[in-house]
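The values are calculated or read from the model by the stated rules, or taken from the named source; none is laboratory data. On a predicted model such as this, the values are computed, not experimentally measured, just so you know. So basically every Cβ, Gly included, is an ideal-geometry build from the backbone, and we count neighbours across all protein chains shown.
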There are 2 protein chains.
Amino acid sequence: MSEFFHVVTLEEAVARLSHLPPVGTEGVALSEAAGRVLAADVRSDIDLPGFRRSTMDGYAVRAASTFGATESSPAMLEVTGSVEMGASAEVSVGRGQAVRILTGGMLPSGADAVVMVEHTQALDNATIEVTRSVAPKQNVIEPDEDLAQGETLLWRGARLRPQEVGVLAALGAEEVQVFRPPVVAILSTGDEVVPVGSVPRPGQIRDVNSSTLGAMVRAAGGVPRPLGIVGDDLDELLATCRAALSEADTLVISGGSSVGTRDLTIEVLAALADSEILVHGLAIKPGKPTILARVGDKAVWGLPGHVASAMVVFHVLVAPFVERLGGLSRGAPVARQPARLSRSVPSVHGRRDFVRVRLEERDGQLRAVPLLGRSGLLRTTVESDGLIEIDVNTEGLDEDTEVWVRRW
Amino acid sequence: MSEFFHVVTLEEAVARLSHLPPVGTEGVALSEAAGRVLAADVRSDIDLPGFRRSTMDGYAVRAASTFGATESSPAMLEVTGSVEMGASAEVSVGRGQAVRILTGGMLPSGADAVVMVEHTQALDNATIEVTRSVAPKQNVIEPDEDLAQGETLLWRGARLRPQEVGVLAALGAEEVQVFRPPVVAILSTGDEVVPVGSVPRPGQIRDVNSSTLGAMVRAAGGVPRPLGIVGDDLDELLATCRAALSEADTLVISGGSSVGTRDLTIEVLAALADSEILVHGLAIKPGKPTILARVGDKAVWGLPGHVASAMVVFHVLVAPFVERLGGLSRGAPVARQPARLSRSVPSVHGRRDFVRVRLEERDGQLRAVPLLGRSGLLRTTVESDGLIEIDVNTEGLDEDTEVWVRRW
């Protein structure tokens with residue numbers, strides 16, 4: 001087992017995990033596919049819409065039959081039939097002819113445009129006047145205009161939104177190959193931590209991190225597997241971690257923030273077979289006591305015990321990792337919001353600070369209001385809408401600075 | 001049955017539904033509560049953390065015992081014991097005394113501050129030197145500092161994020177009262193529409209809207225109930241709508257965009273008992289042919305058949321309604337992102353335009369790139385990150401205008 005005992009940057013921590021591959025894939029019903037990550041590029045095997053389609057109610061015509069038509073000098077066309085919705089037209093359209101068609105109807109052979117009904121006048125059952133000319137292709141969707149056979153519109157590694165599910169429906173995909181959601185085991189440690197269902201005695205606190213981190217795992221597309229609480233006991237921790245790693249794709253331990261507890265976590269991780277401590281101290285605030293190890297081909301996280309610190313580390317480091325394990329490789333583009341700082345925020349050079357902020361809209365502008373004060377408390381996480389990052393090379397930010405807010 | 005046959009604004013449409021109450025409530029396990037909407041304010045019945053807690057590894061002391069202590073003139077304190085994690089201290093701290101304590105430990109009686117271990121030096125097993133003074137309350141969290149008994153931190157109508165679930169855990173809530181998710185029936189109509197699993201014949205298209213709208217219902221916190229496809233048949237539509245409304249909380253019909261199909265939807269809605277057409281034409285683009293009716297105490301939506309138009313109307317009108325049915329009343333604050341237009345966008349006075357945009361980050365700035373062209377196609381919905389709105393009183397927007405992007 002090798003170790004790095006110096007504090008590392010966020011980027012270094014991420015880089016030390018980059019070799020871990022995503023989990024496997026599975027097929028899901030189309031109706032369950034939204035929110036999942038696509039496991040393979042989707043190439044269209046058909047044209048969409050697949051036939052020449054009208055975008056208007058009116059008459060399918062040869063455009064040339066209408067050239068020069070105006071209110072004062074309309075073109076006279078013979079109506080030779082109607083297109084039924086959902087069927088190919090049985091008639092074809094010749095020069096000087098028109099066929100009734102509805103929005104979404106299939107153009108008859110011979111027709112290359114549609115005249116809107118508003119620009120026609122029926123003279124009798126079989127004759128219309130066209131009062132405005134149409135160009136070829138006007139009011140028509142070409143057979144491959146939405147998607148052409150052989151084209152790829154959806155890509156492996158993208159999270160499926162409603163519109164991508166719609167494309168899959170259009171292509172007839174009743175089942176979709178997606179990455180299976182990574183299973184994230186969650187363990188709370190500490191002799192002072194008691195289950196949510198019990199009444200804490202003096203000195204005890206309820207297990208908050210299992211709930212908070214479990215919900216964050218879900219939001220990152222994973223499946224939380226809560227392991228409950230284990231006290232500061234080496235053998236029990238070791239057995240629990242071993243069992244967790246045989247089943248889960250990654251393990252998150254949130255522990256007390258005392259030096260002794262952190263040392264115990266390190267001791268447990270070191271005692272596991274084929275383990276390597278990758279990070280023991282992270283140059284961010286909050287979150288400095290973060291531990292990261294590789295055990296076999298799985299990552300194990302040791303998060304600070306303070307709920308707010310654990311949330312920040314999860315948000316900036318673990319959530320992106322869980323997303324990557326779950327196959328996500330094509331980002332939700334730009335998930336951050338620009339805003340202006342409502343007041344200055346101090347920081348320390350050489351450390352990356354994550355500051356909770358509340359968003360306020362004032363005079364049509366977004367303001368980020370920093371929530372300073374006690375960092376470990378739940379209250380500020382509830383009162384905040386997201387985090388801003390203060391760069392490692394910056395000594396604080398001035399009022400009115402434009403910042404990026406990462407919503408949480 | 002009364003009717004409004006003029007095109008109405010978005011605000012008018014929303015106002016005509018404002019009297020419909022949210023659905024009922026239900027209890028869910030804490031582990032399932034994330035993402036749900038809280039059904040009642042949560043008042044704390046306890047103080048949090050509930051005891052005076054150390055935020056450091058070190059020694060619990062009376063701050064006064066350290067006053068004036070420096071490196072060169074340290075204070076000498078007698079170590080009288082240790083605090084065990086998760087237990088109340090058995091010793092108390094007197095003047096000139098110190099008790100070992102870890103981060104998260106409960107302060108012994110008599111102590112009002114904690115000296116960090118880094119600012120002490122052990123002389124022998126029972127004596128330390130303190131090299132820096134501490135103020136009362138330093139490195140200590142007060143019993144009610146995170147949350148005080150009787151205080152309300154969580155409110156009815158708020159969607160629960162991980163941190164709110166954490167608060168519920170801290171308060172011992174194994175079950176949480178939330179709004180039940182509204183059931184949204186989804187019906188596709190049109191003789192040209194065939195199920196996803198079938199191979200369309202010429203003139204037919206697969207049912208895309210059921211999948212797209214179903215996924216959007218989920219994203220709005222509802223449960224989609226797909227009713228499949230019904231052709232342009234009055235009796236069958238009527239029977240399907242009646243059955244749907246007896247079970248679901250609201251019904252979304254997406255139909256062809258032809259005038260005949262729209263008229264048929266109106267005819268069906270009018271034939272239902274205690275029905276009222278609230279909207280028949282909406283002053284937005286896309287989405288003008290939108291229909292909205294009240295049937296009994298339920299809303300029925302008639303969306304355009306074009307997938308992109310149906311998505312826009314759902315996004316701007318139906319989704320907020322489904323969220324409100326689901327009890328959401330305390331907004332995710334400011335869910336829009338400011339960005340600058342990459343090029344000018346034309347618009348028509350008197351109509352609110354929703355334009356699909358792609359977001360690009362360029363020189364640290366967010367640019368919104370309008371996706372113009374065919375509005376009905378699936379492709380632009382996939383290529384876009386969201387919508388911008390062009391106000392009813394504006395004739396287009398210039399390049400570089402700051403716009404709000406609603407992600408979708």
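Quick look at the values:
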{"quantity": "Residue check, B:Arg358 touching a residue at least 24 places away in the same chain (Cβ under 8 Å), of a type in the set (Lys, Arg) and closer than 30 Å to A:Met56 by Cβ", "calculated": "yes"}
{"quantity": "Test: B:Ala185 is more than 9 Å from chain A (Cβ to nearest Cβ), touching a Lys or Arg at 6+ places or on another chain (Cβ under 8 Å), of a type in the set (A, V, I, L, M) and buried (at least 21 other Cβ atoms within 10 Å of the Cβ)", "calculated": "yes"}
{"quantity": "Residue count for segment B:298-319, restricted to those that are part of a loop (DSSP other than H, G, I, E, B) and in contact with a Pro (Cβ under 8 Å, 6 or more places away or on another chain)", "calculated": "2"}
{"quantity": "Residue list for segment A:279-297, restricted to those being surrounded by fewer than 21 Cβ atoms within 10 Å (Cβ to Cβ) and touching a Pro at 6+ places or on another chain (Cβ under 9 Å)", "calculated": "A:Gly281, A:Lys288, A:Asp297"}
{"quantity": "Sole residue being within 10 Å of another protein chain (Cβ to nearest Cβ) and among the basic types (Lys, Arg), chosen from A:Arg206, A:Arg225, A:Arg242, A:Arg180", "calculated": "A:Arg206"}
{"quantity": "Test: residue in segment B:118-134 that is under 30 Å from A:Asp207 (Cα atoms), at the interface with chain A (Cβ under 10 Å from one of its Cβ atoms), of a type outside the set (Gly, Ala, Ser) and outside any strand (DSSP E or B)", "calculated": "no"}
{"quantity": "Selection within segment A:125-141 - of a type in the set (D, E, K, R) and either at positive phi or at pLDDT below 95 (or both)", "calculated": "A:Lys137"}
{"quantity": "Leading residue by the ranking (farthest from B:Arg52 (Cα to Cα)) among those in segment A:218-253 that are in contact (Cβ under 8 Å) with a residue 60 or more places away in the chain and in a helix (DSSP H, G or I)", "calculated": "A:Glu247"}
{"quantity": "Hits in segment B:276-294 (condition: touching a Lys or Arg at 6+ places or on another chain (Cβ under 9 Å) and in a strand (DSSP E or B))", "calculated": "B:Glu276, B:Ile277, B:Leu278, B:Val279, B:His280, B:Leu282, B:Ile284, B:Lys285, B:Ile291, B:Leu292, B:Arg294"}
{"quantity": "Residue in segment A:329-342 that is more than 22 Å from A:Ser210 (Cα to Cα), surrounded by 18 or more Cβ atoms within 10 Å (Cβ to Cβ) and polar (S, T, N, Q) present", "calculated": "yes"}
{"quantity": "Segment A:8-28: number of residues that are part of a loop (DSSP other than H, G, I, E, B) and not small (Gly, Ala, Ser)", "calculated": "8"}
{"quantity": "Test set (1) in a loop (DSSP other than H, G, I, E, B); (2) assigned by TED's automatic domain parsing to the domain that holds A:Ala40; (3) surrounded by 22 or more Cβ atoms within 10 Å (Cβ to Cβ) - A:Ala173 fails condition number", "calculated": "(3)"}
{"quantity": "Failed item, numbered, when A:Ala215 is tested on (1) hydrophobic (A, V, I, L, M, F, W, C); (2) touching a residue at least 60 places away in the same chain (Cβ under 8 Å); (3) within 8 Å of chain B (Cβ to nearest Cβ)", "calculated": "(2)"}
{"quantity": "Number of positions in segment B:33-44 that are more than 11 Å from chain A (Cβ to nearest Cβ) and not in a loop (DSSP other than H, G, I, E, B)", "calculated": "3"}
{"quantity": "Strands (runs of 3 or more DSSP E) completely within segment A:45-114 that count 2 or more residues being surrounded by fewer than 21 Cβ atoms within 10 Å (Cβ to Cβ) and free of Cβ contacts under 8 Å to residues at least 40 places away in the same chain", "calculated": "A:75-82"}
{"quantity": "Residue that is surrounded by the most Cβ atoms within 10 Å (Cβ to Cβ), among those in segment A:254-275 that are outside any helix (DSSP H, G or I) and within 14 Å of chain B (Cβ to nearest Cβ)", "calculated": "A:Ser254"}
{"quantity": "Tally of residues being closer than 30 Å to A:Glu90 by Cβ and either out of contact with any Leu (no Cβ under 8 Å at 6 or more places or on another chain) or in contact (Cβ under 8 Å) with a residue 40 or more places away in the chain (or both) across segment B:154-203", "calculated": "16"}
{"quantity": "Whichever residue in segment B:380-406 is crowded, with 17+ Cβ neighbours inside 10 Å and over 27 Å from the mean Cα position of the chain (by Cα) and, among such residues, is farthest from the other protein chains (Cβ to nearest Cβ)", "calculated": "B:Val392"}
{"quantity": "Residue within segment B:23-36 that is farther than 26 Å from A:Leu377 by Cα and of a type in the set (Lys, Arg) present", "calculated": "no"}
{"quantity": "Filtered residues of segment B:355-376 (kept if away from chain A (no Cβ under 14 Å) and either within 19 Å of B:Phe314 (Cβ to Cβ) or surrounded by 15 or more Cβ atoms within 10 Å (Cβ to Cβ) (or both))", "calculated": "B:Val355, B:Pro370"}
{"quantity": "Odd one out for A:Val14 among (1) closer than 30 Å to A:Val300 by Cα; (2) touching a Ser or Thr at 6+ places or on another chain (Cβ under 8 Å)", "calculated": "(2)"}
